[in-house]
Amino acid sequence: MAKEISLATVKQHNKAEDLWIVIENKVYDVTKFRTEHPGGEDSLIDVAGRDGTKEFIDVGHSLEAREIMKKFYIGDLAAADVKTTVPVRCAHVGLALGAIVLGLSIIYVFKR
Ligand code: HEM
């Protein structure tokens, strides 16, 4: 199983010479890569020690960039620090709506 790394630990690696970034709940050590990054060192330093998923996606990185990332993967973000994802929230809303529709249908049938 992949190593689990907490957000608190990631936060300690927030400098140019010690640079970790979280992207899509995976932790990357891009210390060595930063000087080779086509998007420049500064864009990586801006998100050092935190979650840079939004920034990474906003740039629209290529598949090649995703291949390169794999070399710097060091572990997964600890489950406790993973934010509830949109699909899970959608499922909850879906269930709630389903229950309301079912409830209304039952009331309708019995009131006839
Ligand atoms: C391990 C993480 C990353 C890898 C391997 C990576 C790799 C690359 C590569 C290969 C490119 C060239 C264009 C492409 O192929 O898409 C690029 C461009 C760029 N990246 Fe990253 N990147 C990473 C993280 C980030 C993050 C976190 C940010 C922003 C905070 C960022 C900002 C940019 C920008 C601004 C460009 C320039 C886009 C342009 O000039 O059109 N990158 N990156």
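Bear in mind that the values in this text are calculations on the coordinates, not laboratory data. Remember, predicted model here, so these are calculated numbers, not experimental data. All Cβ positions, even for glycine, are placed from backbone atoms using ideal geometry, and neighbour counts span all protein chains on display.
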Lone unmet requirement of (1) over 18 Å from the mean Cα position of the chain (by Cα); (2) near the ligand (Cβ under 9 Å from one of its atoms) for Leu102: (2)
Residue check, His61 surrounded by 10 or more Cβ atoms within 10 Å (Cβ to Cβ) and touching a Gly at 6+ places or on another chain (Cβ under 9 Å): yes
Selection count, segment 8-43, where residues are within 9 Å of the ligand (Cβ to nearest atom), in a strand (DSSP E or B) and either exposed (fewer than 15 other Cβ atoms within 10 Å of the Cβ) or hydrophobic (A, V, I, L, M, F, W, C) (or both): 2
Residue in segment 75-95 that is within 9 Å of the ligand (Cβ to nearest atom), assigned to a loop (DSSP other than H, G, I, E, B) and either buried (at least 16 other Cβ atoms within 10 Å of the Cβ) or of a type in the set (S, T, N, Q) (or both) present: no
Extreme residue, farthest from the ligand (Cβ to nearest atom), among residues of segment 44-70 that are more than 14 Å from Trp20 (Cβ to Cβ) and β-branched (Val, Ile, Thr): Ile57
